[in-house]
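Taken together, the values in this text are just the output of simple stated rules run on the coordinates, not laboratory data. Not measured: the values here are computed from a predicted model. Please note: Cβ atoms are built from the backbone with ideal geometry, for glycine as well, and neighbour counts cover all protein chains shown.
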Amino acid sequence: MFLIDYLIFFFIGAIFGSFIYSFINRQSSELESANISIVSPPSFCPQCKKTLKPIMLIPIFSYIFLKGKCWYCKSAIKSSYLFYEILIGIFSVAFFVAFDASWVSVLKYIVCLLIIIQILLDYRFLLLSTNISILIILLGLGLAYLDTKVSVIDSFIGLCLGYTSLWLINFIFKTFKSKDGIGSGDFIFLAALCSLMGYKLIGPIVLGASLISLLIYLVSNREKQLLPFGSGMGIATLSLIFFL
């Protein structure tokens, strides 16, 4: 690839990074206000509430041009926006270096972005979007049809086993403890990931998720909180996508 290709992939990733961070933030806002969703209202300053102009939403450049401050009220803009824009930009370059630029790769890239959203949602709110998991399932089955690495049968078996395995573990736990040990969102998310990767990788995904989730729990000092198992599953799956 040429330098211009790297820059294009980086900027596309930065755009998605900005969107992903806004999406995550609006999930938090939705818990407090029913009037805020991912599509409405348009992007605005959380301090002065003024709607931002399109030129103020250009990833990375707008943050640098505005010197990290709102154009209207001069309040500080969260540096997290810049962090996610750069992070997803780098991820995008790494992805298209690792995989050939094709329609199958583009679909895989979209799936990876959806997985990243689930990782962040579970980490911040212990929440997994059922709609996103269903979309991953559809894309996973579609990729199995288009790609030769995972067959449609392996994908479908993975979908079924991914869901039932965690459901069964939770059923046994609930029988003895009278409470859920695993959230229902995890059932659907593992089903989605196994529809993408195939049933043969359910073991590595669950094992990797257990270790990663425990590490997140210990490092983030989440005392008396549930483990973000969905985040662990997502990170484990992204690792398998890149290194298998």
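Among residues other than SER231 with Cβ under 11 Å from its Cβ, the summed charge is -1 (Lys and Arg +1, Asp and Glu -1).
Within the chain, the longest segment free of exposed loop sites, counting trypsin sites (Lys or Arg not before Pro) that fall outside DSSP classes H, G, I, E and B and have at most 13 other Cβ atoms within 10 Å, spans 79-148. Were the residues from PHE99 through VAL219 laid out at 0.36 nm apart, the gain over their Cα-Cα distance would be 40.0 nm.
Average 1/r across all pairs of distinct alpha carbons in the stretch 24-152, invert it, and you get the Kirkwood radius: 17.1 Å. Percent of C-alpha pairs per 5 Å bin in the chain, short distances first: 1, 6, 12, 16, 17, 15, 13, 10, 6, 3, 1, 0.
Order by neighbour count: TRP71, TRP103, fewest other Cβ atoms within 10 Å first, most last.
So the ranking, lowest neighbour count to highest, is TRP103, TRP71.
Here the residues THR175, THR51, THR237, THR164, ranked from fewest to most Cβ neighbours within 10 Å of their Cβ, fall in the order THR175, THR51, THR164, THR237.
Ranked for footprinting exposure by Cβ neighbours inside 10 Å, fewest first, TYR84, TYR217, TYR6 give TYR6, TYR217, TYR84. In this model, which of LYS179/LYS200; LYS174/LYS200; LYS149/LYS174; LYS108/LYS200 are farther than 25 Å apart at the alpha-carbon? Violating the 25 Å limit, Cα to Cα: LYS179/LYS200; LYS174/LYS200; LYS149/LYS174. Using only Cα atoms, locate the centre of the stretch 64-91 and the centre of the stretch 123-188, then give the distance between them in Å, rounded to an integer. Centre-to-centre distance over Cα atoms comes out at 35 Å. Using the beta-carbon distance between SER37 and SER239 and R0 = 25 Å, what value does 1/(1 + (r/R0)^6) give for FRET efficiency, to the nearest 0.05? After rounding, the FRET efficiency stands at 0.20.
Which number do you get for Rg(Cα) / (2.2 N^0.38 Å) in the stretch 131-244?
Taking N as the residue count of the stretch 131-244, the ratio is 1.08.
Taking amide hydrogens as placed 1.01 Å from N in the peptide plane, the amide H of LYS69 sits under 5 Å from those of ILE77, each at least 5 positions away in sequence or on another chain.
Of all lysines in the structure, the ones whose alpha carbon falls short of 22 Å from that of LYS78, not counting any fewer than 8 places away in one chain, are LYS49, LYS50, LYS53, LYS67, LYS69.
Calculation over all alpha carbon pairs of the stretch 1-98 in 10 angstrom steps from 0 returns a P(r) of 16, 43, 30, 11, 1 percent. To test your reading of the geometry: what angle, between 0 and 90 degrees and rounded to tens, separates the Cα axis of helix 130-146 from the longest principal axis of the chain? So the helix axis and the longest Cα principal axis differ by about 70 degrees.
Using just its DSSP H runs of length 4 or more, each adding -39500 (n - 2.57), the chain gives a mean residue ellipticity at 222 nm of -23500 deg cm²/dmol after division by all residues.
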